[in-house]
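Report on one structure; see the data block that follows.
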């Protein structure tokens, strides 16, 4: 993969985030509008992008790759859960302990990761990343 394309896409997303921040600072977008746009992105656009990526022709090779990725992710999540229990065991506040464990196990890769992978690798990349 060309790293120039990757940096270009990240720069473009950064510019869009800055535009949103600027629109919020000058009160062009109100808090409720920002919440509504976030909900549209999370509950409509992202699921449609994922569903579209799964509309591909069946092949045994793709199924094998999907099963390999799924089993790898189960192992990785298990290791993350174990590590977070060991690392954050010393945190005494149970609420803070839950938050730190959750934050260290589950990333927010879907919010930025799926659009980035979509622009770099198309539907095939979204199929594997989701």
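Considering the range 82-104, the residues that are part of a helix (DSSP H, G or I) and surrounded by 14 or more Cβ atoms within 10 Å (Cβ to Cβ) include one that is modelled with the lowest pLDDT, namely 104. Pairs linking a residue in the range 85-103 that is in contact (Cβ under 8 Å) with a residue 12 or more places away in the chain to a residue that is in a helix (DSSP H, G or I) and loosely packed, with under 12 Cβ neighbours inside 10 Å, with Cβ atoms under 7 Å and 6 or more positions apart or on different chains, do not occur.
Of the residues contained in the range 106-116, none is found to be surrounded by 10 or more Cβ atoms within 10 Å (Cβ to Cβ) and at pLDDT 85 or above. When you check residue 125 against the structure, is it in contact with a helix residue (DSSP H, G or I) (Cβ under 8 Å, 6 or more places away or on another chain), within 28 Å of residue 16 (Cα to Cα), part of a helix (DSSP H, G or I) and at pLDDT below 90, yes or no? Taking the combined requirement at face value, the residue satisfies it. So, of the residues in the range 63-84 that are without any contact (Cβ under 8 Å) to a residue 24 or more places away in the chain and within 22 Å of residue 115 (Cα to Cα), which turns out to be farthest from the chain's Cα centre (by Cα)? Among them, the one singled out is 70.
The values are calculated or read from the model by the stated rules, or taken from the named source; none is laboratory data. Everything numeric here is computed off the predicted structure, so don't read it as measured data. Counting neighbours? That spans all protein chains shown, and the Cβs are built from the backbone with ideal geometry, glycine included.
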